[in-house]
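Q: One structure, pasted below without further comment.
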Amino acid sequence: MSIIVQKYGGSSVGTPEKIKNVAKTVVNRVKNGDSLVVVVSAMGDTTDDLIALSKKITDTPDKRELDALLSTGEMVSCALLAMAIKDLGCDAVSYTAYQIGIKTSGQYGKSLIYDINGEKIKESLDKGKVVIAAGFQGINDKGDITTLGRGGSDTSAVAIAVKLKGTCEIYTDVDGIYSVDPRKYKDAKKLYEIDYEEMLELSSLGAQVMHSRSIELAQKYNIPVYVGLSNSDIRGTVIKEVDNMNLESKPVTGLATSDEDAAITVTNINNDINVIANLFEKIAEKRVNVDMISQTAPIKGKVNISFTIPKVDLKECLNILKSYFSEETKVDIDENITKFSIVGIGMKTTSGVVAKMLKLFKENNIGVKMITTSEIRITCAIKQEDKMKTINVVAKEFNL
């Protein structure tokens, strides 16, 4: 019997009524002969509420204790869903990460799953139970509860599917993945299939439907992931390896934006690769994610370096810079940026995409502060006030 791992997001289990609806959907699948593991997020805005609660105690909550606090949200959802399923006459059991051995490593709040002991899940499934597993959390080598970061329940679900050699279904409050966020562009087209690489780029660049680490995991183990609307028959999107033969006609698949980053420019650095490498090593040690990087040509042995990081890591990064450089070194911060990206595997075989995009920017007076490219992605840092205009002109030009 194949095992299906479903994940329901916070909006899908946000109220007792919604939890009961999920329970009905789950029971109907069981009646059709499916063997189910259900991963759930915390109800609605519970995680935000718990963070706010911690801030009423202290402005700088201890990270270990914060993880212990935040993990309770998923435990509540698990227990309530198990109750609802049992009330419908179907056996179910809820488990925390500790109980099913989700082992993690790394920092609190940003931990990584490195193993899962699937035996307890398999034993419960063999007994005909629906297994309800708490997403977003794990246990480190010290026995402490850790959390996986925002969207971590997606990663939990894919990791369990990998361990059990099952399939994965992600249910949320949208009916699939679109070429552009429909809230930002009303004519956005739904994608019924999307390649792992494209989805990974879009999710890491601001598309909020899926957690990027979950896509990395699915791609590594070739686990197709279905994304759809909770408790609905509307056809969703399958993330999988897509046949490249069908991609030549459309170089750009999707568009994503993010306002969550700041640009840092450090001027007059010695043009010494050892100095520059050591700087980014120190930033990496603090688990700060550096994305766009640009460097000027050397002038009199000096260079300027610009890079983007998440705004939430700005204070920590600035502390690193202050300790690393002399007072003469100038550091500029620009928080008024939007990372604007277009993504498509078709770019690998299509020339002129960058030229077309920059021509659009010129014609519409859209300034570019930084630009980086890869085989399947073009990302520009633009002013936040230009975001909606840029989305509209680029989406129309590339038929997104």
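Q: Could you grab me the full set of residues in the range 88-117 that are among the β-branched types (V, I, T) and closer than 19 Å to K165 by Cα? Show your work before the answer.
A: At the first step, the residues of the range 88-117 found to be among the β-branched types (V, I, T) are 93, 96, 100, 102, 104, 113, 116.
I100, I102, I113, I116 - these are the residues of the range 88-117 that are among the β-branched types (V, I, T) and closer than 19 Å to K165 by Cα.
Q: Checking R213 against (1) of a type outside the set (A, V, I, L, M); (2) in a helix (DSSP H, G or I); (3) free of Cβ contacts under 8 Å to residues at least 60 places away in the same chain; (4) farther than 20 Å from T372 by Cβ, which single condition isn't satisfied?
A: (3)
Q: Would you confirm, using the coordinates I've provided, whether K315 is free of Cβ contacts under 8 Å to residues at least 12 places away in the same chain, closer than 26 Å to D181 by Cα and not β-branched (V, I, T)? Write out each step before concluding.
A: Working: free of Cβ contacts under 8 Å to residues at least 12 places away in the same chain: yes; closer than 26 Å to D181 by Cα: no; not β-branched (V, I, T): yes.
It is false that K315 is free of Cβ contacts under 8 Å to residues at least 12 places away in the same chain, closer than 26 Å to D181 by Cα and not β-branched (V, I, T).
Q: May I pose another question? What number of residues in the range 267-312 are on the phi > 0 side of the Ramachandran plot and in contact (Cβ under 8 Å) with a residue 60 or more places away in the chain? Give the steps one after another, and end with the answer.
A: Of the residues in the range 267-312, the ones on the phi > 0 side of the Ramachandran plot are 268, 287, 300-301.
Narrowing further to those that are in contact (Cβ under 8 Å) with a residue 60 or more places away in the chain: 268, 287.
Matching residues across the range 267-312 total 2.
Q: Test K129 against the stated conditions and say whether it is out of contact with any Phe, Trp or Tyr (no Cβ under 9 Å at 6 or more places or on another chain), buried (at least 17 other Cβ atoms within 10 Å of the Cβ) and of a type outside the set (V, I, T). Steps first, answer last, please.
A: On the way: out of contact with any Phe, Trp or Tyr (no Cβ under 9 Å at 6 or more places or on another chain): yes; buried (at least 17 other Cβ atoms within 10 Å of the Cβ): yes; of a type outside the set (V, I, T): yes.
The answer is yes for K129.
Q: Next up: How many residues are in a helix (DSSP H, G or I), more than 14 Å from T15 (Cα to Cα) and out of contact with any Phe, Trp or Tyr (no Cβ under 6 Å at 6 or more places or on another chain) if we restrict to the range 59-82? Please lay out each step first, then the result.
A: Step one: of the range 59-82, the residues in a helix (DSSP H, G or I) are 63-70, 72-82.
Still in the running and more than 14 Å from T15 (Cα to Cα): 63-70, 72, 75, 82.
Subsequent filtering for residues that are out of contact with any Phe, Trp or Tyr (no Cβ under 6 Å at 6 or more places or on another chain) retains 65-66, 68-70, 72, 75, 82.
Within the range 59-82, residues that are in a helix (DSSP H, G or I), more than 14 Å from T15 (Cα to Cα) and out of contact with any Phe, Trp or Tyr (no Cβ under 6 Å at 6 or more places or on another chain) number 8.
Q: Another question, if that's okay. Tell me, please, whether a residue that is at pLDDT 90 or above and closer than 29 Å to S105 by Cβ can be found in the range 178-192.
A: For the range 178-192, residues at pLDDT 90 or above and closer than 29 Å to S105 by Cβ: absent.
Q: Sticking with this one: List every residue pair whose Cβ atoms lie under 7 Å apart, where the two residues are 6 or more positions apart in sequence or sit on different chains, the first residue falls within the range 121-132 and is in a helix (DSSP H, G or I), and the second residue, located anywhere, is modelled with pLDDT under 95 and small (G, A, S).
A: Sorted first by the residue in the range 121-132, then by its partner, the pairs are L125/S35.
The values are calculated or read from the model by the stated rules, or taken from the named source; none is laboratory data. Not measured: the values here are computed from a predicted model. We place every Cβ from the backbone using ideal geometry, glycine too, and count neighbours over all the protein chains shown.
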